[in-house]
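Here is the structure we will look at, set down as structure tokens.
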Amino acid sequence: MSSDEAAATDGTTGNTGSLPFDTSVAHQARVYDYLLGGKDNYAADREAAEAWLKVNPETAFTVRANRAFLGRAVRYLAAEAGIRQFLDIGTGIPAAGNTHQVAQVIAPESRVVYVDYDPIVLAHARALLTSGEAGATEYIDADLRDTGTILAEAARLLDFTQPVAVTLVAILHAIPDSDDPHAIVARLMGAVPPGSYLALSHMGSDLIAPETLQEMRKIASSRSQQQYTHRTSEQVARFFEGTNLVEPGLVRVEEWRPEPGSGDTSQSFIWAAMGRKR
């Protein structure tokens, strides 16, 4: 189904299905892995990452800050919000501090369902399934736009009558406006009860100089499997309709409940927030 076809009756929209395993062009998960110092990447990923760094030197800091946000968000959800169920969509290649590892240190009974559609992430899925005995993890090979499949398969492990934290970290900017990402998030949050949480991060068009953003888009167009839709803070805030934002609200990703003592004055180009469903 093409991205400009109508939404399917089961809640599936747009261009769904696993990506082909193509190492000749860059892929977001592998570029992200390279910028985090990982080894699960190829020449095309490294070349695209270096091109982005050349036009926007804050790219590496942004990726590191985004990863750190995931850890802080999960710690807040497990320790302060009392959440014991997590639906992590757009998981990416496993790295230190995966969602279940962070959550289960605080609450060993935590259950985590991971979702991604990248074959290289699927190849590493066993690293995401190393749950402690008291908790559980599962992996779903699915596209974010295939909400029907995600929710049906996640329900095998998660109890949707109890609060769930839905995390969408650096994934929604890979969904074009034609696939209506706001409707996708609304469907996901519509399936979880009040008291559930939404945590997300998203590249901001208003956090990048226009000429830099144009150059970054050119690189994506010529080198990347995915194309990116940067959105304004107002557009990102719309994802949180029906929730109450957790302090400090919608901020740059490194400014969301930062840990003391970093001393880094760099600025990311990603918005981040968390909301509690009313």
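The values are calculated or read from the model by the stated rules, or taken from the named source; none is laboratory data. Keep in mind it's a predicted model, so treat the numbers as computed, not measured. Here Cβ is always computed from backbone atoms with ideal geometry, including for glycine, and neighbour counts include all displayed protein chains. Calculation scope for accessible area: heavy atoms of the full protein, side chains included, ligands and nucleic acids excluded. Shrake-Rupley method; radii C 1.70, N 1.55, O 1.52, S 1.80 Å.
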**For the chain, built as a Gaussian network whose Cα springs stay under 10 Å, the top-fluctuating residue of 181, 260, 248** = 260
**Request:** Two decimals is fine: what is log10 I(q)/I(0) at q = 0.10, 0.17, 0.20, 0.21 Å⁻¹ for segment 119-267, from a Debye sum with one equal scatterer on every Cα and no solvent?
**Result:** -0.45, -1.23, -1.43, -1.46
**Request:** Mind checking the full-extension length gain between residue 221 and residue 152? Use 0.36 nm per residue of separation minus the Cα-Cα distance, one decimal, nm.
**Result:** 21.4 nm
**Message:** Given contacts defined as C-alpha pairs under 8 Å and at least six residues apart, what's the relative contact order of the chain, whole-number percent?
**Reply:** 21 percent
**Message:** For the chain, what does the accessible surface come to per residue with a 1.4 Å probe? Please give it in Å².
**Reply:** 43 Å²
**Prompt:** Near residue 53, within a Cβ-to-Cβ distance under 14 Å, what is the net charge of the other residues, with Lys and Arg +1 and Asp and Glu -1?
**Reply:** -1
**Request:** Divide by every residue of the chain the summed helix terms, -39500 (n - 2.57) for each DSSP H run of at least 4, and state the resulting mean residue ellipticity at 222 nm, rounded to the nearest 500 deg cm²/dmol.
**Result:** -9000 deg cm²/dmol
**Item:** Shape parameters for segment 141-216, alpha-carbon atoms, Rg then Dmax in Å
**Value:** 14.9, 47
**Asked** Between segment 66-140 and segment 21-52, what's the alpha-carbon centroid distance in Å?
**Response** 22 Å
**Per-residue SASA entry for residue 271, accessible area with 1.4 Å probe, Å² rounded to 10** = 40 Å²
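Before anything else, pin down the relative contact order of segment 176-273: Cα pairs under 8 Å, at least 6 apart, normalised by residue count, whole percent.
That works out to 35 percent.
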**Request:** Quote the relative contact order of segment 126-213 in percent (integer), defining contacts as alpha-carbon pairs under 8 Å separated by 6+ residues.
**Result:** 29 percent
**Fill in**
Carbon and sulfur atoms account, in whole percent of the 1.4 Å probe accessible area of the chain, for 50 percent
**Fill in**
Residue by residue through segment 145-150, the couplings from Karplus 6.51 cos²θ - 1.76 cosθ + 1.60 with θ = phi - 60°, in Hz, x for Gly and Pro, are 6, 8, 5, x, 5, 4
**Request:** Within the set of other residues whose C-beta is less than 13 Å from the C-beta of residue 107, count the net charge using Lys and Arg as +1 and Asp and Glu as -1.
**Result:** +1
**Request:** Could you check the simple spin-label distance between residue 214 and residue 126, using points 7 Å along Cα→Cβ, in nm with one decimal?
**Result:** 4.9 nm
**Request:** Kindly sort 126, 257 by accessible area of their heavy atoms, largest first, with the probe set to 1.4 Å.
**Result:** 126, 257
**Message:** Students often forget the sequence filter, so: which lysines lie under 17 Å Cα-Cα from residue 218 once same-chain residues fewer than 8 apart are removed?
**Reply:** 54
